[in-house]
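Below is one structure; the comments refer to it alone.
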There are 2 protein chains.
Amino acid sequence: MLTIGKLAQDTGVKVPTIRYYEQIGLLPEPGRSAGNQRLYGQGQLERLRFIRHARDLGFPLEAIRDLLSLSDRPDQPCAAADGIARAQLDAVRARIRRLKALEGELERMVAQCAHGTIRDCRVIEVLGDHALCAQDHPAAAG
Amino acid sequence: MLTIGKLAQDTGVKVPTIRYYEQIGLLPEPGRSAGNQRLYGQGQLERLRFIRHARDLGFPLEAIRDLLSLSDRPDQPCAAADGIARAQLDAVRARIRRLKALEGELERMVAQCAHGTIRDCRVIEVLGDHALCAQDHPAAAG
DNA sequence: CCTAATCTCTCTAGTAACTATAGCTTCAAG
DNA sequence: CTTGAAGCTATAGTTACTAGAGAGATTAGG
Ligand SMILES: [Zn+2]
Ligand SMILES: [Zn+2]
Ligand SMILES: [Zn+2]
Ligand SMILES: [Zn+2]
């Protein structure tokens, strides 16, 4: 059995984050010691490793919640799990596309600045007027 | 003079967002009509367009706050503004690098799944064990 | 056995950048 | 004059944590 601190060490997830995951129901409530401290077993360790790895790959917690409940039903077809992964892949690709457009505009801005005064700064100028941009770069999360 | 609704239309920034920007001091408090409704002039319109465009390019509000106060001092050298833009460019590039690593892992996961049951699903398997990943993909924001 | 250092406990609040809701007042059109 | 849209304030919710306060538990050394 592991204390919360050991579990944190073994998984790389910080102690308050573990408690937070418990609070939102992503980790089940563990047993407690005589002195009311949380004690975790191997199953919890693996579950938390799964969460950690999925987070590292950018899955939102709600998607992870779904993946975990799927992985509790090993006989079911895996189409739903694959769908979640593909959705995540699409989201990642969309973010890359958007960020590349931003990268291009920022490069142009920085490159065109003559390093004089603010009055003539291309950075300030472009920020004030999207017509000076080479591409459209819609808002969207990023 | 523009009402808040017109200003929202003209800039593409939603009404509650404009009030939020005022609340955090990014937009100065505008004048009011007899009936206590906000009224904006041309200067405010341009300022909000600047904010909107910088947001679209991914600048955080704190950076925008600095850029705005720089742009109020046109005689100053623009090095600080350029520095903020370069920092934003670096941040964007870092996010792209990270997302590309994720994209690669997600592609592999999805491609290797045989579409059987959860028990044999490569997606679930890889999520449970980072050793099955081809690269390291550290946590970090993004 | 006692004490000091380290963990752990609960609870609250704060982060970024908004978005949504509730309940009210004001304005413009017919 | 009435109705519907737009505006007002204030509060709370979003995502995924992180930080802090103040109290109790555990462990290592003496
Ligand atoms: Zn410049
Ligand atoms: Zn632009
Ligand atoms: Zn599968
Ligand atoms: Zn991995």
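The values are calculated or read from the model by the stated rules, or taken from the named source; none is laboratory data. Keep in mind the model is a prediction, meaning the values are calculated, not measured. Please note: Cβ atoms are built from the backbone with ideal geometry, for glycine as well, and neighbour counts cover all protein chains shown. Heads up: the accessible areas ignore ligands, DNA and RNA and are worked out on the full protein's heavy atoms, side chains in. Shrake-Rupley method; radii C 1.70, N 1.55, O 1.52, S 1.80 Å.
Please find the FRET efficiency linking B:Lys14 to A:Asp72, where r is the Cβ-Cβ separation and R0 is fixed at 30 Å, and quote it to the nearest 0.05. For B:Lys14 and A:Asp72, the calculated efficiency is 0.15. The equivalent ellipsoid of region B:79-132 has semi-axes of 39, 9, 6 Å, largest first, where each one is the square root of 5 times an eigenvalue of the Cα gyration tensor.
So how much accessible surface do B and A hide from each other in total, probe 1.4 Å, in square angstrom to the nearest 100?
4800
A simple rule links phi to the HN-Hα coupling: the Karplus curve 6.51 cos²θ - 1.76 cosθ + 1.60 with θ = phi - 60°, which for region A:76-83 gives 6, x, 9, 4, 5, 4, 4, x Hz, with x for Gly and Pro. By the beta carbon rule, with partners counted only under 4.7 Å, chain B holds these lone Cys residues: B:Cys113, B:Cys133. Helical content alone sets the calculated 222 nm signal of chain A at -19000 deg cm²/dmol, taking -39,500 (n - 2.57) per DSSP H segment of four or more residues and averaging over every residue. Applying the Karplus relation 6.51 cos²θ - 1.76 cosθ + 1.60 with θ = phi - 60° to region B:32-47 yields 3J(HN,Hα) values of 10, 7, 4, x, 6, 9, 5, 10, 10, x, 5, x, 4, 4, 5, 4 Hz, where x marks Gly and Pro.
How far, in nm, would the chain grow between A:Thr3 and A:Ala34 when pulled straight, counting 0.36 nm per residue and subtracting the alpha carbon separation?
9.9 nm
Ligands, DNA and RNA are left out, and with a 1.4 angstrom probe the accessible area of the protein assembly as shown is 52 Å² per residue.
Where a ≥ b ≥ c are the square roots of the eigenvalues of the C-alpha gyration tensor, would you call the protein assembly as shown rounded, which needs a/c under 1.5, or, failing that, prolate if a/b is larger than b/c, or oblate? Prolate is the answer for the protein assembly as shown, as a/c is 1.5 or above and a/b outweighs b/c. Look at the alpha carbon pairs under 8 Å that are at least 6 residues apart: their mean separation over the length of chain A gives a relative contact order of 15 percent. Taken residue by residue and averaged, Cβ atoms of other chains lying within 10 Å of the Cβ of A:121-134 number 6. The dipole here belongs to chain A: it is taken about the Cα centre, uses +1 on the Cβ of Lys and Arg and -1 on the Cβ of Asp and Glu, and is about 440 debye. Take A:Leu132, push a point 7 Å out from Cα through the beta-carbon direction, and compare it with the same point in every other copy: 5.1 nm, smallest first.
In this simple spin-label approximation, B:Ala94 and B:Ala139 carry label points 7 Å from Cα along the Cα→Cβ vector, and these lie 1.5 nm apart. Extents of chain B, largest first, come to 69, 40, 20 Å (Cα atoms, principal axes, whole angstrom). What shape does region A:1-41 take by its C-alpha gyration tensor, where a ≥ b ≥ c are the square roots of the eigenvalues and a/c under 1.5 counts as rounded, a/b above b/c as prolate, and the rest as oblate? Since a/c reaches 1.5 but b/c is at least a/b, the shape of region A:1-41 is classed as oblate. Axis-proximal residue of chain A for the rotation onto chain B, reported as residue and distance in whole Å: A:Ile96, 3, based on Cβ position. Nonpolar atom fraction for the protein assembly as shown, defined as the carbon and sulfur part of the 1.4 Å probe accessible area, stands at 50 percent.
Taking 25 Å as the straight-line reach from the Cα of B:Lys14, the lysines in range (excluding those fewer than 8 positions away in the same chain) are B:Lys6.
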